[in-house]
Amino acid sequence: MSFKISSLSEYFVEYQKSIDQPEKFWSDIAETFKWKKPWDKVLSWNFNDPDLKWFLNAKLNITENIFERNIEKFGSKTAIIWEPNDPNEKPLQITYNELFQKTCQFSNVLQDQGISKGDRVIIYMPMIPEAAIAMLACARVGAVHSVVFAGFSSSALADRINDCQAKMVITSDGNFRGKKNIEVKAVVDRAIEKTKTIEKVIVCKRTKAKVNMKSGRDFWWHEVVKNQTSDHKATILDSEDLLFILYTSGSTGKPKGVVHTIGGYMIYSQYSFQNVFQYENDDIYWCTADIGWITGHSYIIYGPLLSGATTLMFEGVPTYPNPGRFWDIIDKYKVNQFYTAPTAIRALQAHGIEHIQPYKLDSLKVIGSVGEPINEEAWHWYHDNVGKGKCPLVDTWWQTETGGIMISPLAGITPNKPAHASLPLPGIQPIILDTNGNELIGNNVEGNLCIKFPWPSMIRTTYGDHKRCKETYFSTYQGMYFTGDGVKRDHDGYLRILGRVDDVMNVSGHRMGTAEVENAINEHPKVIESAVVGYPHEIKGQGIYAYVICDIDNYSEANLIDEIKETVRNIIGPIAKPDKVQIVPGLPKTRSGKIMRRILRKIASKDISNLGDISTLLNPDIVEKIIIGSSKI
Ligand code: WT7
């Protein structure tokens, strides 16, 4: 039985059903999955003291739903197409049968190496099939994977290992990315020095980089896999056992570990994948995200593989060996659904139309966007030049915490409206509130986006700190999940996401907390205080602007700025490196000592015509000085 919606009227019917009888709606879908034991109750929930459970006491293994459930039908079908960084290297096509065998073998490895149910395993790897196999094998043995984007620094990796007390790291020797040959294992080694819990490291050979292997701790993937059988009995797990932890930035402090559990996530990732992209059996689907982000989890790995889809995994970057690479891959494999981020679109647009013109792109049926608001210009460029004006464009709004796509057109079903995520998926109940918590009813309203009813793949907790989960998501508005985004419902009732309303930036589709970048900047010995804000950036969506008070003495300002940028790069990673650093004599503060970010944001955006009332500041003179200084940045 399929739960794929095929018309707009059907969407409205299904949506209404999901609101009137959510438990029946989701349990009908859940029944098409393979369970070892059915649930006693579909849902139990509390948004005040967050407690969220779906399919209570049901038992299952998600990998049995990818493999055992479908293998008769899809065994010889390609599960993963892997396209290497270098277009001259041989690509790989892995069938469901092969992926099943490899997952089983690696599950045996994990258990031999002492991993069992509930253990946390860090995956710090490039975009190679072994990364997918590592995730699936963790899920099969009941270990909790936490994939860390391989662009993060050793100290960011160490923080994550320590936060979840991981026992194992699965990694590679190195990583080919564009022209670069990046060290990976060496980063892991440095991270482990700052941690106490790692017992084993498994290293997949990719670049043949020279690495140090610590005897008794470090093992080569190919060696430990060699003698393993491809028989493995999946561990039976509870619907609410942890599937994975994924770290993401918030407005305060260190990144938090968003926890997703098995049953609900499984159902929602498959359901949303099939409906948003309208995947059909022989289609080739490609999502360009990295598996280090939630998009990679839900829409390269779990959603597509649960659906028996062919999912393309690309190791490289959009501009290597030239800015036509994405289009080359689409033509080469006849990709039908293509899902990428606005920042990639804008960057490729800036390289010029001549890089796309040689390609046919006639296999495409659906194109998608994710990660940040897509501006109308980029929307049209994407729609006209990639989609050739005929492919529906799905602008999918969601978050690490939501586990799956929440607001999006269904391809070819929901009428497209540029830059609008448009309508909620069945089961999703958005509500718009003003800052006082009043619901904004009707059309043509703008406010903060909340969700008022649970959905299966929602965040369960922040790892090791449930209080933080409550404070971040369930305390701003009584009885609501607060997304942190602003939204507008237009005159047609379509939703348009306006961006973050908190101190979270969105840089090239990556989420970055201002406080996190400030903390890194403050590690530089010459820095006294800093304030970071986002500003509009043509390609990245938002750039990072840092105002820094320093103890300069005779130091060169230019050197200092470079060092500050480097410090952030070392502490967090290249994605957090400020685009602009301005050394300032002071920061605008209220009388209670709070930094007036509103003013700093305006200066960074070069929007100084109306700074509002600054007379109540503790130090109003500073504003003029910062404005003068900013003109040179
Ligand atoms: C934040 C979540 C969801 C996967 C990638 C990002 C922004 C995401 C859209 C969109 C406007 C979007 C929001 C959201 N965002 N998709 N289609 N339109 N904004 O996941 O790192 O958890 O970031 O990304 O601000 O809150 P994430």
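How big is Rg to Rh over region 190-325, alpha-carbon atoms, Rh as the Kirkwood inverse-mean-distance radius?
Details: Rg = 18.6 Å, Rh = 18.6 Å.
Here the Rg-to-Rh quotient is 1.00.
Give me the base-10 log of I(q)/I(0) for the chain at each q in 0.07, 0.08, 0.11 Å⁻¹, Debye formula, one uniform scatterer per Cα, rounded to two decimals.
Reported log10 I(q)/I(0), two decimals: -0.43, -0.57, -1.13.
How would His383, His466 line up by accessible area, probe 1.4 Å, largest first? Each step should come with its number before you reach the end.
On the way: His383 35, His466 75 Å².
Output order, biggest surface exposure first: His466, His383.
In region 141-188, which trypsin sites (Lys or Arg not before Pro) are in a loop and have at most 16 other Cβ atoms within 10 Å, using DSSP for the loop call? Can you show the working numbers first?
On the way: sites: Arg160, Lys167, Arg177, Lys179, Lys180, Lys185; in loops: Lys167, Lys179.
Here the trypsin sites (Lys or Arg not before Pro) that fit, given the DSSP loop and packing criteria, are Lys179.
Accessible area of region 1-145 with a 1.4 Å probe: how many percent of it is carbon plus sulfur?
On the way: 2690 of 5810 Å².
Result for region 1-145: 46 percent of the exposed heavy-atom area is carbon or sulfur.
What do you get for trypsin sites (Lys or Arg not before Pro) in region 577-633 restricted to DSSP loop and a cutoff of at most 15 other Cβ within 10 Å of the site's Cβ? Before the final figure, lay out the partial values.
Working: sites: Lys580, Lys589, Arg591, Lys594, Arg597, Arg598, Arg601, Lys602, Lys606, Lys625, Lys632; in loops: Arg591, Lys594, Lys606, Lys632.
Those that pass, being in a loop and sparsely packed, are Arg591, Lys594, Lys606, Lys632.
Once the convex hull of the alpha carbons of region 120-250 is built, what does its volume come to per residue, in cubic angstrom?
Details: hull volume 16.0 nm³, N = 131.
Given the Cα convex hull of region 120-250, per-residue volume reads 122 Å³.
For region 408-560, what are the per-bin percents of Cα-Cα distances with bins 10 Å wide, up to the bin holding the maximum?
9, 28, 32, 18, 9, 3, 0
Could you work out the Rg to Rh ratio of region 289-359, with Rh taken as the Kirkwood radius (inverse of the mean 1/r over all Cα pairs)? Write down the numbers at each step before the final one.
Working: Rg = 13.0 Å, Rh = 13.2 Å.
My calculation of the ratio gives 0.98.
At 1.4 Å probe size, with every protein chain present, just tell me what the per residue accessible area of the chain comes to in Å².
Values: 24270 Å² over 633 residues.
Ligands and nucleic acids excluded, the figure is 38 Å² per residue.
Longer than 29 Å from Cα to Cα, which of Lys77/Lys360; Lys205/Lys388; Lys59/Lys167; Lys388/Lys606; Lys90/Lys196; Lys194/Lys577 are they? Say none if no pair is.
Lys205/Lys388; Lys388/Lys606; Lys90/Lys196
Quick check: pseudo-label points 7 Å beyond the Cα along Cα→Cβ at Lys117 and Thr435, how many nm apart are they?
If labels sit at Lys117 and Thr435, their model points lie 5.0 nm apart.
Can you give the three extents of the C-alpha atoms in region 494-622 along their principal axes, from longest to shortest, in whole Å?
Projected onto its principal axes, the Cα set of region 494-622 covers 56, 38, 23 Å.
Leaving out ligands, DNA and RNA, what percent of the accessible area of region 382-505 is carbon and sulfur, probe 1.4 Å?
Working: 1930 of 4180 Å².
Here carbon and sulfur together make up 46 percent of the probe-accessible area.
Amide H of Asn619 versus every other amide H placed in the peptide plane: which residues, excluding those fewer than 5 positions away on the same chain, fall under 5 Å?
Lys589
Taking Cα pairs under 8 Å and at least six residues apart, what relative contact order does region 71-192 come out at, in percent? Don't skip to the answer; put the middle values down first.
Working: 180 pairs, mean separation 28.1, N = 122.
So the answer I get is 23 percent.
Could you work out the relative contact order of region 465-533? I mean the mean sequence separation of Cα pairs under 8 Å and 6+ apart, divided by the number of residues, in percent.
Working: 62 pairs, mean separation 11.3, N = 69.
Answer for region 465-533 is 16 percent.
For the chain, what does -39500 (n - 2.57) per DSSP helix run (n ≥ 4), summed and divided by total residues, give at 222 nm, in deg cm²/dmol to the nearest 500? Before the final figure, lay out the partial values.
Numbers: 19 runs with 181 residues, N = 633.
Computed ellipticity for the chain at 222 nm equals -8000 deg cm²/dmol.
Quick one: which residues, 5 or more positions from Leu423 or on another chain, have an amide H under 5 Å from its amide H? H modelled 1.01 Å from N in the peptide plane, none for Pro or chain starts.
The answer is Ser408, Leu495.
Based on the Cα atoms of region 146-213, what semi-axes does the equivalent ellipsoid have, where each is the square root of 5 times one gyration tensor eigenvalue, given in whole Å with the largest first?
Numbers: eigenvalues 82, 32, 18 Å².
Gyration-tensor ellipsoid for region 146-213: 20, 13, 10 Å.
Amide H of Ile284 versus every other amide H placed in the peptide plane: which residues, excluding those fewer than 5 positions away on the same chain, fall under 5 Å?
Those lying under 5 Å, H to H, from Ile284 are Asn336, Gln337.
Per-residue HN-Hα couplings for region 365-370, Karplus 6.51 cos²θ - 1.76 cosθ + 1.60 at θ = phi - 60°, whole Hz, x for Gly and Pro?
These are the phi-based 3J(HN,Hα) values: 10, 9, 10, x, 9, 7 Hz.
Please identify the trypsin sites (Lys or Arg not before Pro) of region 334-428 that satisfy two criteria: DSSP loop assignment and at most 16 other Cβ atoms within 10 Å. Which are they? List each step's numbers first, then the result.
Values: sites: Lys334, Arg346, Lys360, Lys365, Lys388, Lys390; in loops: Lys334, Lys360, Lys365, Lys388, Lys390.
When the trypsin sites (Lys or Arg not before Pro) of region 334-428 are filtered for loop state and at most 16 Cβ neighbours within 10 Å, Lys334, Lys360, Lys388, Lys390 remain.
Compute the relative contact order of the chain as a whole-number percentage, counting only Cα pairs closer than 8 Å that sit 6 or more residues apart in sequence. It would help to have the intermediate numbers written out before the result.
Working: 1361 pairs, mean separation 77.2, N = 633.
Relative contact order of the chain: 12 percent.
The values are calculated or read from the model by the stated rules, or taken from the named source; none is laboratory data. Quick caveat, the model's predicted, so the values are computed rather than measured. Glycine gets a Cβ as well: all are built from the backbone with ideal geometry, and neighbour counts include every protein chain shown. Accessible surface is based on the protein model in full, side chains and every heavy atom, while ligands, DNA and RNA are left aside. Shrake-Rupley method; radii C 1.70, N 1.55, O 1.52, S 1.80 Å.
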